[in-house]
Amino acid sequence: MSKALSLQVSQRAGLGRAAVKAVRKSGRVPGVLYGKAKDQAVRSRPIEIESKKLAALLQASTSENVLVDVELTDAGGKKVDQHLALLLDVQHHPLEDYIVHVDLHEIDQDEILHAEVPVISTGEPVGVKSGGGLLETMLRTIRVACLPRDLPDLITVDVSHLEIGHSVHVREVKLPQGVTASNPPELPVFSVFAPKEEVVEAPAAEVVQPEVIKEKKPEEGAVAPDAKGGAKPEAKGGAKPDAKK
């Protein structure tokens, strides 16, 4: 169950870029408190928060949904009113480590909230321990509906009973009293899959080119072979022999 954290904020008189810059230079964080009143001036009020107190509050919170009891004071430190609110948007400087702006949204303690709550697993699945399977997180958050005071910081799911091919679905997740899930009930939250088999490719067969035997050319001045493969005898003296008489 989410516990509301106390946060003191002050009304911010100055508006515009120069005023916001001056607020940050003084060690405070500019922001806006969005209320539920019909009056636009009350529904969106510029505020400022001491940066060290805001950082301590965020460090003390274990959830992305920070429920705060906001004490609003004027510039002189006099209490104006008090609100229950959600810290929904915290903007950080993209390069330097400090908060540049925050948004607080006032809520009614009897109003049903719809929020995303982080989900984590506990235990080692049977399919992982004995079967070498792999545990996969299918949903990082579960969307819930509940009253502000019943909003859980996070949801834990025991996965130790899971075997290979089995899953824990949204409908099987045990939620705190007063909290209901808004996701489709058949959606898997955690699943155990069989280990992936490593495919070893066979080496490509070496292509052997056929050996080409070329006929040796006769040397210059050599006798060319006859049809039977023998060399034609050359007459002595180069003349054709006479026929026998």
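The values are calculated or read from the model by the stated rules, or taken from the named source; none is laboratory data. Note that the structure is a prediction, hence the values are computed from the model and not measured. We place every Cβ from the backbone using ideal geometry, glycine too, and count neighbours over all the protein chains shown. Protein only, heavy atoms only, side chains kept; ligands, DNA and RNA dropped before computing areas. Shrake-Rupley method; radii C 1.70, N 1.55, O 1.52, S 1.80 Å.
One residue stands out in the stretch 43-72 among those that are at pLDDT 85 or above, assigned to a strand (DSSP E or B) and not aliphatic (A, V, I, L, M): the one that is surrounded by the most Cβ atoms within 10 Å (Cβ to Cβ), namely E48. Among residues of the stretch 114-129 that are without any contact (Cβ under 8 Å) to a residue 40 or more places away in the chain, those with a Cβ under 6 angstrom from a residue that is β-branched (V, I, T), sequence gap 6+ or separate chain, pair up as I120/T156; T122/T156; G123/V159. Filtering the stretch 18-35 for residues that are surrounded by 15 or more Cβ atoms within 10 Å (Cβ to Cβ), free of Cβ contacts under 8 Å to residues at least 24 places away in the same chain and touching a helix residue (DSSP H, G or I) at 6+ places or on another chain (Cβ under 9 Å) leaves a non-empty set. Note on the stretch 79-130: residues that are outside any strand (DSSP E or B) and over 25 Å from the mean Cα position of the chain (by Cα) total 9. Within the stretch 150-159, how many residues are surrounded by fewer than 16 Cβ atoms within 10 Å (Cβ to Cβ) and either farther than 17 Å from L135 by Cβ or basic (K, R) (or both)? Final tally of qualifying residues: 1. Taking the stretch 2-42 as the range and being at pLDDT 80 or above and either assigned to a helix (DSSP H, G or I) or of a type in the set (K, R) (or both) as the test, the residues that pass are R12, R17, A18, A19, V20, K21, A22, V23, R24, K25, R28.
Selection within the stretch 104-142: residues that are β-branched (V, I, T) and touching an Asp or Glu at 6+ places or on another chain (Cβ under 8 Å). The member of this set that is surrounded by the fewest Cβ atoms within 10 Å (Cβ to Cβ) is T122. Restricting the stretch 160-175 to residues that are part of a loop (DSSP other than H, G, I, E, B) and closer than 15 Å to I120 by Cβ, the residue that is most open to solvent (accessible area, probe 1.4 Å) is K174.
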